Amino acid sequence: MSTVRIWDLPTRLFHWCFAACVVGAYVAVKMDAMDWHVRFGLSALGLVSFRIVWGFIGPHHARFGNFVRGPGAMSSYLRELGSGTAKSAGHNPLGTLSVLAMLIDLGAQAVMGLFISDDVMVQGPFYGKVPDATSDLLATLHKYNQWVFITLVVLHLLAVTWYTQAKKEPLVRAMVTGDMPADRLPAGSQASEDTAGVRLRALGLAIIVAALIWWIQSLG
């Protein structure tokens with residue numbers, strides 16, 4: 001069966017590293033390993049920053065302009081989904097909502113973590129740079145926002161499970177290999193570039209983001 005390259009290697013690495021940071025940060029805070037919680041949080045902030053920029057300079061299906069759609073496209077997709085004719089290359093309109101919600105929510109969660117302290121041993125790099133009342137408010141939001149993000153993750157996993165089991169869409173395999181079967185895509189779907197040049201561009205961006213996160217950490 002012929003396949004089409006949908007997900008470039010940098011996007012796939014982002015996806016799995018992002019998932020690892022989410023799990024790592026959650027497990028670390030439950031085990032009171034706050035140093036590791038901070039490390040995972042800073043890594044997640046770097047990954048979100050990478051993905052935002054990659055959404056403008058990455059290959060076709062990684063770009064926001066090629067998968068962020070309006071209400072009309074959402075309604076059309078839902079009608080096609082109900083009739084069993086829905087096909088989408090890259091993120092479908094529902095998947096787009098999931099991607100944007102998780103990027104925005106975890107990005108906000110990581111930024112809030114920069115300004116707060118656990119009142120014991122660990123504090124964010126920018127703790128003390130804002131009034132105590134602001135830091136306390138951010139700490140409260142950081143604490144309760146975890147449930148918002150957990151809800152988003154659960155909904156994402158349920159959606160992936162449904163598409164995989166009920167619709168027989170090989171979404172997980174595609175995020176590993178980068179390829180989707182051509183017959184599961186709309187006719188004439190464009191492939192994403194996944195060349196050495198694309199990967200070098202991503203490496204350069206990753207180095208810049210890593211330097212930024214290292215500098216933020218050094219301020220603490």
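Where a number appears in this text, it was derived from the coordinates with a stated rule and is not lab data. Predicted, not measured: the structure shown is a model, and the values here were computed from it. Note that we place each Cβ from the backbone using ideal geometry, even for glycine, and neighbour counts take in every protein chain shown.
Where does segment 116-216 land on Rg/Rh, using Cα atoms and the Kirkwood Rh?
1.15
How high is the relative contact order of the chain, in percent, with contacts defined as C-alpha pairs under 8 Å that are six or more residues apart?
On the way: 233 pairs, mean separation 75.9, N = 220.
So the answer I get is 35 percent.
Apply the Karplus parameterisation 6.51 cos²θ - 1.76 cosθ + 1.60, with θ equal to phi minus 60°, to every residue of segment 50-56 and state each ³J(HN,Hα) to the nearest whole Hz, in sequence, with x for glycine and proline.
My calculation for segment 50-56 gives 4, 5, 4, 5, 4, x, 10 Hz in order.
Within 10 Å, count the other beta carbons around each residue, average over each peptide in 164-176, 89-101, and list them highest first. Write out the running numbers ahead of the final one.
On the way: 164-176: 13.7, 89-101: 18.6.
Ranked from most to least packed, the peptides come out as 89-101, 164-176.
Order of Asp183, Asp105, Asp136 from fewest to most other C-beta atoms within 10 Å?
Asp183, Asp136, Asp105
Show me the ranking of peptides 188-196, 77-85 by mean Cβ neighbours inside 10 Å, starting with the highest.
Ranked by mean Cβ neighbours within 10 Å, highest first: 188-196, 77-85.
Treating only the Cβ of Lys, Arg, Asp and Glu as charged (+1, +1, -1, -1), what charge dipole size does the chain show about its Cα centre? Round to the nearest 20 debye.
Using Cβ point charges on Lys, Arg, Asp and Glu, the chain gives about 680 debye.
For segment 95-208, calculate the relative contact order in percent as a whole number, restricting contacts to Cα pairs under 8 Å that are 6 or more residues apart.
18
Taking Cα centroids, how far is segment 126-149 from segment 68-110 in Å?
Centre-to-centre distance over Cα atoms comes out at 30 Å.
Report, in deg cm²/dmol and to the nearest 500, the calculated mean residue ellipticity at 222 nm for the chain, where each DSSP H run with n ≥ 4 adds -39500 (n - 2.57) and the sum is divided by the residue count.
Here the helix-only value at 222 nm equals -22500 deg cm²/dmol.
Normalised by the number of residues in segment 90-137, what is the relative contact order in percent for Cα pairs under 8 Å and 6+ residues apart?
23
Could you give the angle, 0 to 90 degrees to the nearest 10, between helix 196-218's Cα long axis and the longest principal axis of the Cα atoms of the chain?
Taking the Cα atoms of the chain, the angle to 196-218 is about 20 degrees.
May I ask for the Kirkwood hydrodynamic radius of segment 3-218, worked out over all distinct Cα pairs and given in angstroms to one decimal?
18.7
Ranked from highest to lowest mean number of other Cβ atoms within 10 Å per residue, what is the order of the peptides 139-147, 4-12?
Going from most to least packed, we get 4-12, 139-147.
Does anyone have the angle between helix 71-83 and the longest principal axis of the chain? Alpha-carbon axes, 0 to 90°, nearest 10?
60
Count of lysine pairs in segment 3-218 with Cα atoms under 29 Å apart, counting only pairs 8 or more residues apart in sequence or on different chains? Intermediate values should be presented prior to the final figure.
Numbers: Lys30/Lys129; Lys30/Lys143; Lys87/Lys167; Lys87/Lys168; Lys129/Lys143.
Number of lysine pairs found: 5.
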